[in-house]
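Report on one structure; see the data block that follows.
Read-outs: derived from the displayed coordinates by stated rules, not from any lab. Predicted, not measured: the structure shown is a model, and the values here were computed from it. Please note: Cβ atoms are built from the backbone with ideal geometry, for glycine as well, and neighbour counts cover all protein chains shown.
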């Protein structure tokens, strides 16, 4: 899950803001902006990888009366 800062940095970068501009606006160092951006990218890549694995293994989550649980499906989707 992305932190609020990571999300804010990505939103500003998507608008075309430079790391230096974001750092000034958020009153943090440019190195901190870089770290937030790098961590966000890593988390996104990990989430995409996990999503691919879950899809290939036909793993689903269900929410029932007793809470969320994992269900395994047969075959490929």
So residue 60, is it part of a strand (DSSP E or B), in contact with a helix residue (DSSP H, G or I) (Cβ under 9 Å, 6 or more places away or on another chain) and surrounded by 10 or more Cβ atoms within 10 Å (Cβ to Cβ): yes
Residues of region 31-53 satisfying the condition of being surrounded by 15 or more Cβ atoms within 10 Å (Cβ to Cβ) and out of contact with any helix residue (DSSP H, G or I) (no Cβ under 8 Å at 6 or more places or on another chain): 35
Pair list, Cβ under 9 Å, 6 or more apart: region 42-57 residue outside any helix (DSSP H, G or I), other residue exposed (fewer than 10 other Cβ atoms within 10 Å of the Cβ): 57/72
Whichever residue in region 10-30 is on the phi < 0 side of the Ramachandran plot and loosely packed, with under 10 Cβ neighbours inside 10 Å and, among such residues, is nearest to the chain's Cα centre (by Cα): 14
Count of residues meeting criterion [within 22 Å of residue 1 (Cβ to Cβ) and touching a residue at least 12 places away in the same chain (Cβ under 8 Å)] in region 12-27: 4
